[in-house]
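Enquirer: Can you keep this structure in mind? I'll have questions shortly.
The values are calculated or read from the model by the stated rules, or taken from the named source; none is laboratory data. Source: prediction; values computed, not measured. We place every Cβ from the backbone using ideal geometry, glycine too, and count neighbours over all the protein chains shown. Side chains included, ligands, DNA and RNA excluded: accessible areas come from the protein's heavy atoms. Shrake-Rupley method; radii C 1.70, N 1.55, O 1.52, S 1.80 Å.
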Amino acid sequence: NAGVMQNPRHLVRRRGQEARLRCSPVKGHSHVYWYRQLPEEGLKFMVYLQKENIIDESGMPKERFSAEFPKEGPSILRIQQVVRGDSAAYFCASSPWDPQLGSPLHFGNGTRLTVT
Amino acid sequence: GDSVTQMEGPVTLSEEAFLTINCTYTATGYPSLFWYVQYPGEGLQLLLKATKADDKGSNKGFEATYRKETTSFHLEKGSVQVSDSAVYFCALSDRGNQGGKLIFGQGTELSVKP
């Protein structure tokens, strides 16, 4: 079974460009989470999605950031008009059902975004 | 709000030494507690968890006990190996939230020398 697949592994963007980060969850998993890891910090929750629905986006910046998890295809985290402060590692995690019921999160290897 | 505080790293040990990484938390409810490990260039993997007071989570020789009275979940291992070198994250999940919405500590880097 393939784990959570994120691409690209490394992404370099100039200020003002758009960044699109993709996450394919473990096959059969319908819950997806995005986390951001700033240098020297722990992971911070951004958004929780189920197929075609955003369940909790309380950790998402109000502007420039959006996320989707369509019925078909990967989950996408989109950052418009990137700034240097967006440079971070972005991790996606998935689970087959609500992890609080016992299913742990499966994390991808992350996308490391560098804004120049 | 809820928070997790870990001892600062990096922690450098010799092989077969005893390991303790301290973790304390603040939560308004009754959280579940986790330790995750991140090897270089990889994502996080669940190492162990505990869901209620006095529970002990264990895996691969690592242990942590959920101490409600001291709001702590310290990670221990009796004899570390070079392959344990990684970054370790303590995390909590408030039962009032969706279980995947974890609050992480800042991470503790462990380096084990042969």
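Enquirer: When you go through (1) open to solvent by less than 40 Å² (accessible area, probe 1.4 Å); (2) modelled with pLDDT of 95 or more; (3) within 23 Å of B:Gly1 (Cβ to Cβ) one by one for A:Arg36, which number turns out not to apply?
Expert: Every condition holds for A:Arg36 apart from (1).
Enquirer: Further, regarding this structure: Out of all the residues in region A:39-73, which are open to solvent by 80 Å² or more (accessible area, probe 1.4 Å), more than 10 Å from chain B (Cβ to nearest Cβ) and either among the small types (Gly, Ala, Ser) or under 16 Å from B:Gln106 (Cα atoms) (or both)?
Expert: If the condition is that a residue be open to solvent by 80 Å² or more (accessible area, probe 1.4 Å), more than 10 Å from chain B (Cβ to nearest Cβ) and either among the small types (Gly, Ala, Ser) or under 16 Å from B:Gln106 (Cα atoms) (or both), then A:Pro39 is the only one that fits.
Enquirer: Same structure again: Among the listed residues B:Glu63, B:Glu8, B:Glu69, B:Glu15, identify the single one that is closer than 25 Å to A:Tyr90 by Cα and of a type in the set (D, E, K, R).
Expert: Every option except B:Glu8 fails the conditions.
Enquirer: So which of B:Lys77, B:Lys101, B:Lys68 is more than 14 Å from chain A (Cβ to nearest Cβ) and modelled with pLDDT under 95?
Expert: Answer to the check: B:Lys68.
Enquirer: Right, here's the next one. Any residue at all in region B:88-95 that is acidic (Asp, Glu), open to solvent by less than 40 Å² (accessible area, probe 1.4 Å) and in contact with a Pro (Cβ under 7 Å, 6 or more places away or on another chain)?
Expert: yes
Enquirer: Of all residues in region A:7-33, how many are surrounded by 22 or more Cβ atoms within 10 Å (Cβ to Cβ) and within 11 Å of the chain's Cα centre (by Cα)?
Expert: Counting residues in region A:7-33 that are surrounded by 22 or more Cβ atoms within 10 Å (Cβ to Cβ) and within 11 Å of the chain's Cα centre (by Cα) gives 5.
Enquirer: Could you run through region B:1-53 and say how many residues are open to solvent by less than 10 Å² (accessible area, probe 1.4 Å), β-branched (Val, Ile, Thr) and away from chain A (no Cβ under 13 Å)?
Expert: Qualifying residue count, region B:1-53: 1.
Enquirer: Determine whether region A:92-102 contains at least one residue that is buried (at least 20 other Cβ atoms within 10 Å of the Cβ) and modelled with pLDDT of 95 or more.
Expert: Yes; the residues of region A:92-102 include at least one that is buried (at least 20 other Cβ atoms within 10 Å of the Cβ) and modelled with pLDDT of 95 or more.
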